[in-house]
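One structure below.
The values are calculated or read from the model by the stated rules, or taken from the named source; none is laboratory data. Computed from a predicted structure; not experimentally measured. All Cβ positions, glycine included, derive from the backbone under ideal geometry; neighbour counts span all protein chains shown.
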Amino acid sequence: MIDSHCHLDHEPLFSDLKNVIQRSKDVGIEKLLTISTSLDSFSKIKQLIHQDEIIYGTVGIHPHESDKNILTSTQLVQNLIENEKIIGIGETGLDFYYNNSDREKQISSFKEHIEASIETKSPLIVHSRNAEIETYEILNSYKNNDLKILMHCFTGSKEFSKKLLLLDSYFSASGIITFKNSLDLQDTFKSLPLEKILIETDSPFLAPIPNRGKKNEPSFIDFTAAKLAEIKEISKSKIDEITTNNFNKLFFN
C-alpha cells in the first residue's frame, strides 16, 4: 500500500516519527507522501524525506495559506528540481467553505502551481471544497497541457468526477469513505474506474472507522483500503495492488 497524502510535519506524527514509520511498515505501506501546505511545512518536509527511504514529499501552498504564503511557479519549480524526493506540486486548489475573502489569492496561487506542474511534468495535488465549478473551469483551461491531476481526499459530486475524468484525473479516497453518512461518496467511488483511484489518510486528520475521533496516522490506511475493496467488490489485496500501481504510474512514469 501507499499513503498518497499525509502530513508528517504535523503533530502528533512529527514528534513520534520513528514509531509512525514502523507501524506504517507493519501494515505493508511501501511509500508515504507527506504533503506541503506552507513555507514552514515545506522546510520540515525537506528534513523528513531524509529520515526514511519510504518518505517522499511535495512542495506547495494550501489554499487557506495562500494569503500569507507565496510561491511563484519559478520558485516551485526550483524547489522541486533541487530535491530528488520531492515528487509533486501541492497541495493547492480552492477552498471556499468558509466563504473566504481571499478567493483571488487562492485562484492566483492555484494557477502558479498548475504552471509549475506543467513545466516539470509533475503531478498536481488538488484540494477542492465548495468550489467545484471554479476548480473545474481553471483545470479545464489548461486541458491542452497534459496535466497530471490528483484530486486529494475527493468528496465531490459524481457529476464533478465525470468532468474531471475527461481531464484524465486521478482520485484519492480518504477515511471519509468509511463514514456511515458517506453513501453518496461511496457511490461515486463505486462508479470511478479502478485505474484512476488512489488511497490516502490525510493524517493526522480524518481517521477512518473504527478509529474515528482519534488522531489519524498512515497505518490506519488499512481500514480505508478495506472499505474501498468492499465498495468495488474486489479483494483488499487487489485494491492494495491496484492503488499502489496507480500511484507509481502517476508519480514515477
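A few remarks follow.
- Single residue of I221, I177, I239 found to be surrounded by 20 or more Cβ atoms within 10 Å (Cβ to Cβ) and touching an Asp or Glu at 6+ places or on another chain (Cβ under 7 Å): I221
- Identity of the residue in the range 181-204, over 22 Å from C6 (Cα atoms) and of a type in the set (S, T, N, Q), that ends up modelled with the lowest pLDDT: N181
- Per-region count, the range 139-150, residues out of contact with any helix residue (DSSP H, G or I) (no Cβ under 6 Å at 6 or more places or on another chain) and either surrounded by fewer than 18 Cβ atoms within 10 Å (Cβ to Cβ) or free of Cβ contacts under 8 Å to residues at least 60 places away in the same chain (or both): 8
- Just one of the listed residues (L192, L250, L165, L185) is of a type in the set (A, V, I, L, M), in contact with a Pro (Cβ under 7 Å, 6 or more places away or on another chain) and surrounded by 15 or more Cβ atoms within 10 Å (Cβ to Cβ), namely L250.
- Residue within the range 30-51 that is more than 19 Å from N216 (Cβ to Cβ) and touching a Gly at 6+ places or on another chain (Cβ under 7 Å) present: yes
- Checking each residue in the range 41-67 for being free of Cβ contacts under 8 Å to residues at least 24 places away in the same chain and either in contact with a helix residue (DSSP H, G or I) (Cβ under 9 Å, 6 or more places away or on another chain) or among the acidic types (D, E) (or both) picks out only E53.
- Residues satisfying the stated conditions in the range 207-218, i.e. part of a loop (DSSP other than H, G, I, E, B) and either of a type in the set (D, E) or buried (at least 21 other Cβ atoms within 10 Å of the Cβ) (or both): A207, P208, N216, E217
- Among the conditions (1) within 30 Å of F179 (Cα to Cα); (2) crowded, with 18+ Cβ neighbours inside 10 Å, V77 misses just one, which is (1).
- For the residues L8, L48, L17, the requirement of being among the aliphatic types (A, V, I, L, M) and in contact with a Lys or Arg (Cβ under 9 Å, 6 or more places away or on another chain) singles out L8.
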